[in-house]
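Some notes on the structure that comes next.
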Ligand code: SF4
């Protein structure tokens, strides 16, 4: 392992520890802080940012986008383009699972997204992906708080936009609600466009 890779491992371990101790959001008490080795490769060229860990998924397993319906869809989408989870990095706008008063998955509040934004920024700064894929509107909003962008999900889906020294690539969230707006066939086509784009930027060393 090179000295630079070694340093990145050390910094990621420190960031993970910081996240594990975070108590900023009152309703996240007792929830898993989903940041650690199961998020993927810290040397990845592509980072996926979704909304929040799911109650039946990453909150139980600490592996983002894997064991619930959204996770199974996501796994199918990346498999369709020949990608493996361990070759990319996967995280969320908030690192903990927000729940409503009935104990169901909830959308993170703007305050919670703001609270977690420094951890998201630090993760991007550390991993330095060439392409950040925003999975849904909450992820786009969280990324705009790091560096402004004008991307809109409906207008810019599966289109690469220069952002924060790299590219931003908006896609719909793989969850069941988003599949109503953008069906499975359309999302598979979006992932096909993502892989074509990433092959070009990686082979040409092109940054946003
Ligand atoms: S969501 Fe983020 S900011 Fe809020 S408690 Fe969890 S780690 Fe901390």
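Residue-wise test of (1) assigned to a helix (DSSP H, G or I); (2) touching a strand residue (DSSP E or B) at 6+ places or on another chain (Cβ under 6 Å); (3) surrounded by 12 or more Cβ atoms within 10 Å (Cβ to Cβ).
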| site | (1), (2), (3) |
| --- | --- |
| 170 | no, yes, yes |
| 173 | no, yes, yes |
| 180 | yes, no, no |
| 185 | yes, no, no |
| 188 | yes, no, yes |
| 195 | yes, no, yes |
| 199 | yes, no, no |
| 202 | yes, no, yes |
Checklist entry - Taking residue 101 and the conditions (1) farther than 26 Å from residue 198 by Cβ; (2) touching a residue at least 12 places away in the same chain (Cβ under 8 Å), which numbered condition does it fall short on, given that it satisfies the others? => result (2)
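When residues of region 112-137 are filtered for being part of a helix (DSSP H, G or I) and either within 9 Å of the ligand (Cβ to nearest atom) or under 16 Å from residue 68 (Cβ atoms) (or both), how many remain?
The qualifying residues number 9.
Within region 26-42, which residues are surrounded by fewer than 16 Cβ atoms within 10 Å (Cβ to Cβ) and more than 15 Å from the chain's Cα centre (by Cα)? Steps first, answer last, please.
Going through region 26-42, the residues surrounded by fewer than 16 Cβ atoms within 10 Å (Cβ to Cβ) turn out to be 26, 29-30, 37-38.
Matches in region 26-42: 26, 29, 30.
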Next on the checklist: Let me spell it out: the conditions are (1) under 23 Å from residue 186 (Cβ atoms); (2) in contact with a strand residue (DSSP E or B) (Cβ under 9 Å, 6 or more places away or on another chain); (3) modelled with pLDDT under 95, and residue 86 meets all of them except one. Which number is the exception?
Outcome noted: (1)
Item to check | Residues of region 80-98 satisfying the condition of being near the ligand (Cβ under 10 Å from one of its atoms) and either within 25 Å of residue 14 (Cβ to Cβ) or free of Cβ contacts under 8 Å to residues at least 40 places away in the same chain (or both) | outcome: 92, 93, 94, 95, 96, 97
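Can you pull out every residue in region 99-111 that is more than 8 Å from the ligand (Cβ to nearest atom) and within 16 Å of residue 59 (Cβ to Cβ)? First the steps, then the outcome.
Residues of region 99-111 that are more than 8 Å from the ligand (Cβ to nearest atom), as a first pass: 99-107, 109-111.
99, 100, 102, 103, 104, 105, 106, 107, listed by residue number.
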Checklist entry - What residue, of 97, 73, is modelled with pLDDT of 95 or more, buried (at least 24 other Cβ atoms within 10 Å of the Cβ) and under 15 Å from the mean Cα position of the chain (by Cα)? => result 97
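Yes or no: residue 63 within 17 Å of residue 127 (Cα to Cα), more than 16 Å from the ligand (Cβ to nearest atom), under 13 Å from the mean Cα position of the chain (by Cα) and not in a helix (DSSP H, G or I)?
Details: within 17 Å of residue 127 (Cα to Cα): no; more than 16 Å from the ligand (Cβ to nearest atom): yes; under 13 Å from the mean Cα position of the chain (by Cα): yes; not in a helix (DSSP H, G or I): yes.
Here the answer is no, as residue 63 does not meet what is asked.
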Item to check | Those residues of region 70-108 which are in a loop (DSSP other than H, G, I, E, B), out of contact with any helix residue (DSSP H, G or I) (no Cβ under 7 Å at 6 or more places or on another chain) and farther than 23 Å from residue 168 by Cβ, in sequence order | outcome: 100, 101, 102, 103, 104, 106
Checklist entry - Does region 7-20 hold any residues that are more than 9 Å from the ligand (Cβ to nearest atom) and either free of Cβ contacts under 8 Å to residues at least 60 places away in the same chain or crowded, with 22+ Cβ neighbours inside 10 Å (or both), and which are they? => result 7, 9, 10, 13, 14, 16, 17
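The values are calculated or read from the model by the stated rules, or taken from the named source; none is laboratory data. Since the structure is predicted, the reported quantities are computational estimates derived from the model, not experimental observations. When we count neighbours, we look across all protein chains shown, and the Cβ atoms used for this are built from the backbone with ideal geometry, even at glycine.
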